[in-house]
Amino acid sequence: MVEEYSALPEPLSDFYDILCIGLDWNDDEAPHISHLQPLSSYPEGGEESNGEEEREEQQIQMEKQSHPPPEVGGSRRVPQTPLARQRQRAGRMTVNDLKEYLHLPISEAAKKMNLCLTVVKKICRRSGLRRWPYRKVKSYQRKMGALGTRLRSRDAGTRARAEAEMERLRQELAQFCAGIVPD
């Protein structure tokens with residue numbers, strides 16, 4: 001019984017052809033089976049030793065000589081990239097630095113501080129603030145605004161109760177915001 005097989009085109013061949021566009025592949029320079037050597041002719045590790053490693057070592061030595069390390073007490077400084085400066089600045093920030101932005105949505109606050117959203121969240125978590133308090137701050141500000149009319153009351157008892165309520169709201173908000181009262 002003889003079975004017939006038909007050759008099917010490789011489904012990814014077009015993809016591979018597109019991927020290789022622009023590569024300098026020359027069929028004449030491609031290694032042929034006749035050019036390959038048995039593994040026993042290679043040194044330890046299976047790599048061909050044709051001086052490439054020595055050239056790489058020489059190149060590394062040349063780079064080290066052309067860029068000597070900065071002196072320990074010297075005034076020579078390596079310029080920082082903007083990303084490195086941002087990381088350094090963000091590493092020193094605390095929730096106290098964010099308190100004037102807690103009344104804003106986190107995306108707006110991040111833009112105003114020139115930080116990415118993830119960095120702002122990381123600063124909050126590091127300082128004990130589990131969530132961005134924008135909604136809570138707005139809610140407490142509305143409650144405090146409503147108490148404003150009672151604070152202007154002529155009755156001393158009403159004013160005293162309103163002041164006590166206002167202080168209680170401030171304490172709750174500070175407790176929620178890791179001990180910081182937002183501006």
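The values are calculated or read from the model by the stated rules, or taken from the named source; none is laboratory data. These numbers come from a predicted model, not from an experiment. When we count neighbours, we look across all protein chains shown, and the Cβ atoms used for this are built from the backbone with ideal geometry, even at glycine.
Structure values in brief
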{"read-out": "Sole exception among (1) at pLDDT below 90; (2) over 18 Å from the mean Cα position of the chain (by Cα); (3) surrounded by 15 or more Cβ atoms within 10 Å (Cβ to Cβ) for LEU115, by number", "value": "(2)"}
{"read-out": "Count - residues of the stretch 10-32 that are assigned to a loop (DSSP other than H, G, I, E, B) and modelled with pLDDT under 75", "value": "13"}
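Table: residues versus (1) basic (Lys, Arg); (2) more than 19 Å from ALA178 (Cα to Cα); (3) not in a helix (DSSP H, G or I).
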position	(1), (2), (3)
ALA90	no, no, no
ASN96	no, no, no
LEU104	no, no, yes
ALA110	no, no, no
ASN114	no, yes, yes
VAL119	no, no, no
ARG135	yes, no, no
MET144	no, yes, no
ARG150	yes, yes, no
